1. If you average the C-alpha positions of segment 87-126 and of segment 173-191 separately, how far apart do those two centres end up, in angstrom?
2. Residues of segment 1-152: accessible area per residue at 1.4 Å, in Å²?
3. Carbon and sulfur: what percent of segment 1-125's accessible surface (1.4 Å probe)?
4. Past 32 Å, Cα to Cα: identify those pairs from Lys213/Lys282; Lys61/Lys213; Lys48/Lys97; Lys97/Lys213; Lys220/Lys282; Lys26/Lys282, in the order given.
5. Residues with beta-carbon under 13 Å from that of Asn120, excluding Asn120: net charge, scoring Lys, Arg +1 and Asp, Glu -1?
6. Run the simple label-point estimate for Ala187 and Asp267 please: 7 Å along Cα→C-beta, distance reported in nm.
7. For segment 111-119, what does the Karplus curve 6.51 cos²θ - 1.76 cosθ + 1.60, with θ = phi - 60°, yield as ³J(HN,Hα) per residue in whole Hz, taken in order and with x for Gly and Pro?
8. Once the cut-off is 19 Å, how many percent of the Cα-Cα pairs in segment 97-202 end up in the long-distance tail?
Amino acid sequence: MFGIAKAKEAVSELVEIDSILTEISKSANLTEKQMEELGDNAFEAASKYGKSAADYLAGVKEMYRSGFDNAGEMAELSLLAQAAGDMTAASANDYLKAADEAYHFQGNIEALNAVLDSQNHMADSAAVSLQDMADATTASASAAAQYGVEIDELSALITTAAANTESSGAEVGNALKTIFDALQDTAGGTAAEALRSLGISMTEMVNGSEQLKTPVELLKELAEAFNGLPEGDARRTDILTGIGSGDHADTLSALLSDWASYESMLDLYSQGAGSAAMAAEKSAGSMEASLVRLGNTWTELIGNFTDSDAVTGIVDTLNGLLSVINTVTDKLGSLGTISTIGGGIAGANGLG
């Protein structure tokens, strides 16, 4: 009975996998052979990170729907992020898609893997969760890239702010977005006034033309001026409220007061090669992940004894047979009526 129960579970998962593959076929221009290979490779790709084949294929479906031609590779990178940072599939997918779109990586797995490795390394160094790094990146990457903040600079800002506040990743990301917007507002708002009070210009001359400084350039100058002010100086409050918009003053204060940490984090960015894979390996070695891998092996074994086309054919044949029976019984009436008629005929022939 135990074996039968486990076989039924495996068949249920195979049905789920087949359903996901059907959905993928609707949005991906794949041949029948490629679809078959995708299904076969799902177990190995997922087991590597202690995830189920259905989890992997759900990621493939999401990435195809998002327009990635290399959806399989993107889905596997998402599994790596999930295993390395104990992240949900939705968070990992949104994180990778946000970084890819903001910095125009065009699905370059090597570039995205480098971001994941670097941010994981920085997070470990600052005792920040990779989940918070990912959420903050998702919330702020678009604005950061728009204003000329490079991915390594954004990562260092996120790590510094998250390490010095009790804010969640999403809150840090939204705070940074607000700060970036304020530092690029040349319409004469409160941020411009706060900078002007410290003698900081929002623009600089580059090759004979005036250009707007990036948020990081302005934050660096602002940090030096801010830390040079006496503790009770009203200009400190004006800076935090004028640029941090009140709600995000704590994040701005954390950055300005600890700019040295930002620079240290920036140096760590290029030192994280392989960091995510090592973290994922630890996660994949857990008992839970091992049981998932065992489940994948069992489901794949059951799948080797079945063929979806053959099963579908058998089911369709049975359905056709049942339809015929249903039509006949509908014509003859209920079982009680059939029994009565049958009894009468038998009795008339001396067989009743």
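1. First find each Cα centre; the distance between them is then 25 Å.
2. Details: 7050 Å² over 152 residues.
Value returned for segment 1-152: 46 Å² of accessible area per residue.
3. Values: 2890 of 6120 Å².
Answer for segment 1-125 is 47 percent, counting heavy atoms of protein chains only.
4. Details: Lys213/Lys282 43 Å; Lys61/Lys213 41 Å; Lys48/Lys97 22 Å; Lys97/Lys213 27 Å; Lys220/Lys282 38 Å; Lys26/Lys282 36 Å.
Pairs exceeding 32 Å: Lys213/Lys282; Lys61/Lys213; Lys220/Lys282; Lys26/Lys282.
5. Values: positive: Lys282; negative: Asp86, Asp117, Asp124, Asp132, Glu281.
Charge balance near Asn120 sits at -4.
6. So the two model labels end up 4.1 nm from each other.
7. These are the phi-based 3J(HN,Hα) values: 5, 5, 5, 5, 4, 4, 4, 5, 5 Hz.
8. Details: 2548 of 5565 pairs.
The proportion of pairs with Cα distances above 19 Å equals 46 percent.
The values are calculated or read from the model by the stated rules, or taken from the named source; none is laboratory data. None of the values given here were measured: they were computed from a predicted structure. Every residue, glycine among them, receives a Cβ derived from its backbone with ideal geometry; neighbour counts consider all protein chains shown. Side chains included, ligands, DNA and RNA excluded: accessible areas come from the protein's heavy atoms. Shrake-Rupley method; radii C 1.70, N 1.55, O 1.52, S 1.80 Å.
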